[in-house]
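All remarks here apply to the structure that follows.
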């Protein structure tokens, strides 16, 4: 270190000399300008002071660069530095949320961070990798890495206790301190279950959407071909085919509209709404829009609505109520009664309990639940139909895209299978809840509960308010 400083000292002296010469020359020029009246006294003093400050800063910077302060860590010795690096590496390894293991000779686990212990269920004493990870491809890759060979990532899946998909990265690690065992294997496990599920859901969605559109398109193509052929001169057949074609076109239009609506809802699902909506007014609008369908099936619609204002976006909440009431009308028997209830000032427990109880034998499931705080108040919209009811095993899938309960399709104007999925996503965005209660042979009750707007919730929170 002393030799380096000795060699750098002349450079520092040269830089100091050059800096002083440049600063002196500049100052002399400024003095001459002042003497000949080109600069005022104040401007000359400010300029000379600026040159002096910049020259001093430049000289100090150069001296620091050529003669840096000694590193305190250098006095600790090589052993202390190695120990500190090892401690830092161990700390980083312990903090990693990704499972990482170091495997030694014979496949014995030498190091495993907490994430790896949790992921593989390792106890306080680590054993052989093969005893906790029974994946032949991974074990073969680890064996190759222990011989110093580079290997490609390995993917494997497990179906029990839950479905999971993992990508294993294996790399050889040199260990020169142990000539007898020069290689270790580093194993990194990346859980890609969520990615695989998302890819599968996307593929299923595209397949289902294609299937749903293929059916009406095939029908339209067949009827058009028929009308261009032997039925072109048959007025009765033409009118009948045109009516079916119109129904199929409406079905495709409903499907496209629902897909667009679902896409918009999913795009904004993470952003909670900040406005308010009058739920009683929304219910009145829904009843007015669906009045022709109610009259067509001779349905008796009973409405029992309290004044209630929810935190939410009016158009989306209108879509929620519209979907629930339209489904109730569609799946109820002609001449039966559909009940629509709106109540407010409820705690979460009160909101989750259906107000239209079908009996102890009914099945009940929460399709979406809110994250509420103590003191939060909710309003609940409950719709009871008079349909065939839904078996218990079908309840968890009701909010899946394109899912329809067997035996409940309603002819050419059947739904798209997206209505309840839209309801669930809208409810999630509004930080509300969605439940279903059903009894085969009796009917179903769908309930949506939403946070009450705080500035109007005080009166409704009181009993009898």
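From the list 360, 349, 315, the lone residue that is without any contact (Cβ under 8 Å) to a residue 24 or more places away in the chain and within 29 Å of residue 267 (Cβ to Cβ) is 315.
Residues in the stretch 182-199 that are modelled with pLDDT of 75 or more and outside any strand (DSSP E or B): 182, 192, 193, 194, 195, 196, 199.
Determine whether residue 320 is assigned by TED's automatic domain parsing to the domain that holds residue 402, assigned to a helix (DSSP H, G or I) and either surrounded by 13 or more Cβ atoms within 10 Å (Cβ to Cβ) or in contact with a helix residue (DSSP H, G or I) (Cβ under 8 Å, 6 or more places away or on another chain) (or both). Yes.
Among the residues of the stretch 301-312, those identified as touching a helix residue (DSSP H, G or I) at 6+ places or on another chain (Cβ under 8 Å) and either free of Cβ contacts under 8 Å to residues at least 40 places away in the same chain or over 20 Å from residue 433 (Cβ atoms) (or both) are 301, 303, 305, 307.
For the structure I just gave you, tell me whether residue 231 is more than 29 Å from residue 399 (Cα to Cα) and surrounded by 14 or more Cβ atoms within 10 Å (Cβ to Cβ). Yes: the conditions hold for residue 231.
Number of residues in the stretch 404-414 that are at pLDDT below 75, in a loop (DSSP other than H, G, I, E, B) and touching a helix residue (DSSP H, G or I) at 6+ places or on another chain (Cβ under 7 Å): the value is 2. For residue 216, the stated conditions do not hold, so it cannot be described as part of a loop (DSSP other than H, G, I, E, B) and either in the same structural domain as residue 144 (by TED's automatic domain parsing) or in contact with a helix residue (DSSP H, G or I) (Cβ under 7 Å, 6 or more places away or on another chain) (or both).
Could you check, for the stretch 279-287, whether at least one of its residues is at pLDDT 90 or above, out of contact with any helix residue (DSSP H, G or I) (no Cβ under 9 Å at 6 or more places or on another chain), surrounded by 15 or more Cβ atoms within 10 Å (Cβ to Cβ) and under 25 Å from residue 436 (Cβ atoms)? Yes, there is a match, as at least one residue in the stretch 279-287 is at pLDDT 90 or above, out of contact with any helix residue (DSSP H, G or I) (no Cβ under 9 Å at 6 or more places or on another chain), surrounded by 15 or more Cβ atoms within 10 Å (Cβ to Cβ) and under 25 Å from residue 436 (Cβ atoms). Here the stretch 116-144 is the region considered, the condition is being touching a strand residue (DSSP E or B) at 6+ places or on another chain (Cβ under 7 Å) and closer than 18 Å to residue 169 by Cβ, and the residue that is surrounded by the fewest Cβ atoms within 10 Å (Cβ to Cβ) is 137. It is to be established whether one or more residues within the stretch 341-362 are touching a strand residue (DSSP E or B) at 6+ places or on another chain (Cβ under 6 Å), surrounded by 16 or more Cβ atoms within 10 Å (Cβ to Cβ), at pLDDT below 85 and more than 24 Å from residue 305 (Cα to Cα). Checked the stretch 341-362: at least one residue is touching a strand residue (DSSP E or B) at 6+ places or on another chain (Cβ under 6 Å), surrounded by 16 or more Cβ atoms within 10 Å (Cβ to Cβ), at pLDDT below 85 and more than 24 Å from residue 305 (Cα to Cα).
Only a single item in (1) surrounded by 12 or more Cβ atoms within 10 Å (Cβ to Cβ); (2) assigned by TED's automatic domain parsing to the domain that holds residue 174; (3) assigned to a helix (DSSP H, G or I) is not met by residue 156, and it is number (3).
The values are calculated or read from the model by the stated rules, or taken from the named source; none is laboratory data. Note that the structure is a prediction, hence the values are computed from the model and not measured. Note that each Cβ is placed from the backbone with ideal geometry, even for glycine, and that neighbours are counted across all protein chains shown.
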